[in-house]
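Worksheet for the structure shown next.
The values are calculated or read from the model by the stated rules, or taken from the named source; none is laboratory data. Predicted model only: the values in this text are computed from it and were never measured. Heads up, the Cβs are rebuilt from the backbone with ideal geometry, glycines too, and the neighbour counts pull from every protein chain shown. Only protein heavy atoms, including side chains, enter the accessible area calculation; ligands, DNA and RNA are left aside. Shrake-Rupley method; radii C 1.70, N 1.55, O 1.52, S 1.80 Å.
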Amino acid sequence: MPPSPLPSTTALRVLAALVEHGSASEAAKSVNLTQSAVSKQLRTLEEIAGMPLFTRTGRGLVPTEAGRIFVTQARIALGALEIAAGRIAALRGSPNVIRLHVLPILGDRWLVPRLSQLARARPELDVQFTTQATGDTIEEADGVFRFGEGDWPGQQQADYLFGRNVALVGAPSLLARMGGIRTAEDVRRYTVLDHRHTPLRWSEFAEAQGLAEFAPAHMVHFGFYALVIRAAIAGQGLALVPRCLIEEELLTGRLVNPEGLGFHSRHGYWFTVPADRTPRPGLVAFRDWLLDEAQRLGPDL
């Protein structure tokens, strides 16, 4: 059988717009075409598919099963083309533009406060941040900050930064109210705050402290470290947090690390570069600066 004809990118954009807006008139506005041109593109797509891609209802156009299959792949194809165009544009642009993806808590508490130092040290660098996913488009980064053990596939390099030193912390008011902590056994009496999506676990703390069958008085789960830290400062429970994220709170006394309790984790923060990236001058300079800054924290972090 001869291969089926492939739709044009215009047709794919029309398809995605029709699914999003549910009407030919609104889709036409969004892709900057006339309504008749949109209808023509839809007819071409349905000829290629060999079946209807939409049904017409009182609420507008609703994709059929074939339409849903088609638009899913159309979005992938359009996203891939946008990525390629962006990558090619970056090659034509300044070699000092760096696109980064950073974990929110790390960006908020460590990287962003240091960007003014980077600007003074390397004023030629233009640091941009991606969101990884915006609508139907996947943004690709030149460098990605990650949390884990350092073994991600598809990376040409992974540099450990910091974060393995995990501290048990709580608000002074909570410790005073509960009678303080003298040994790890005392932690059982407290409410503990847990981050659902981190590999750091209270079981790891218990194992490091030699506690069997660790069962705290109560456990409250959060989805973000920022909320874990805020709840700990408010005296709502004890938390396990990489010490590098709470330097200021420990220095000011808003959080304390009773008896120095904590553990050395296998997991930490890393800076990775995807395998398909050419190490352009800006990225190399940023990585060098980043590793110098991380080294300044010392071995305790």
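Just need a number here: residues in the stretch 138-183 that are in contact with a Cys (Cβ under 8 Å, 6 or more places away or on another chain), open to solvent by less than 10 Å² (accessible area, probe 1.4 Å) and either of a type in the set (F, W, Y) or not in a loop (DSSP other than H, G, I, E, B) (or both). Qualifying residue count for the region: 1.
So that you can scan it fast, the table gives a plain yes or no per residue for (1) open to solvent by 40 Å² or more (accessible area, probe 1.4 Å); (2) outside any helix (DSSP H, G or I); (3) on the phi < 0 side of the Ramachandran plot; (4) out of contact with any Asp or Glu (no Cβ under 6 Å at 6 or more places or on another chain):
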residue	(1), (2), (3), (4)
E47	yes, no, yes, yes
M51	yes, yes, yes, yes
F70	yes, no, yes, yes
L78	no, no, yes, yes
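For every residue, the table says whether it meets (1) at pLDDT below 95; (2) open to solvent by 20 Å² or more (accessible area, probe 1.4 Å).
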residue	(1), (2)
L238	no, no
R254	no, yes
S265	yes, no
P279	yes, yes
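Do the conditions hold for L240, that is, is it touching a helix residue (DSSP H, G or I) at 6+ places or on another chain (Cβ under 9 Å) and assigned to a helix (DSSP H, G or I)? The answer is no for L240. Scan the stretch 4-25 for residues that are in a helix (DSSP H, G or I) and over 33 Å from the mean Cα position of the chain (by Cα) and the total you get is 2. Within the stretch 150-177, residues that are at positive phi and at pLDDT below 95 sit with their Cβ atoms under 6 Å from residues that are in a loop (DSSP other than H, G, I, E, B) and surrounded by fewer than 15 Cβ atoms within 10 Å (Cβ to Cβ), at 6+ positions apart or across chains, in these pairs: G154/A275. Take the conditions (1) farther than 24 Å from R254 by Cβ; (2) open to solvent by less than 10 Å² (accessible area, probe 1.4 Å); L193 misses just one of them, which is (1). Return a yes/no flag: does the stretch 257-274 have any residue that is of a type in the set (A, V, I, L, M) and within 21 Å of G298 (Cα to Cα). Yes: one or more hits. Checked against the criterion of being of a type in the set (D, E, K, R) and in contact with a strand residue (DSSP E or B) (Cβ under 9 Å, 6 or more places away or on another chain), the candidates R243, R189, R182, R177 yield just one match: R243.
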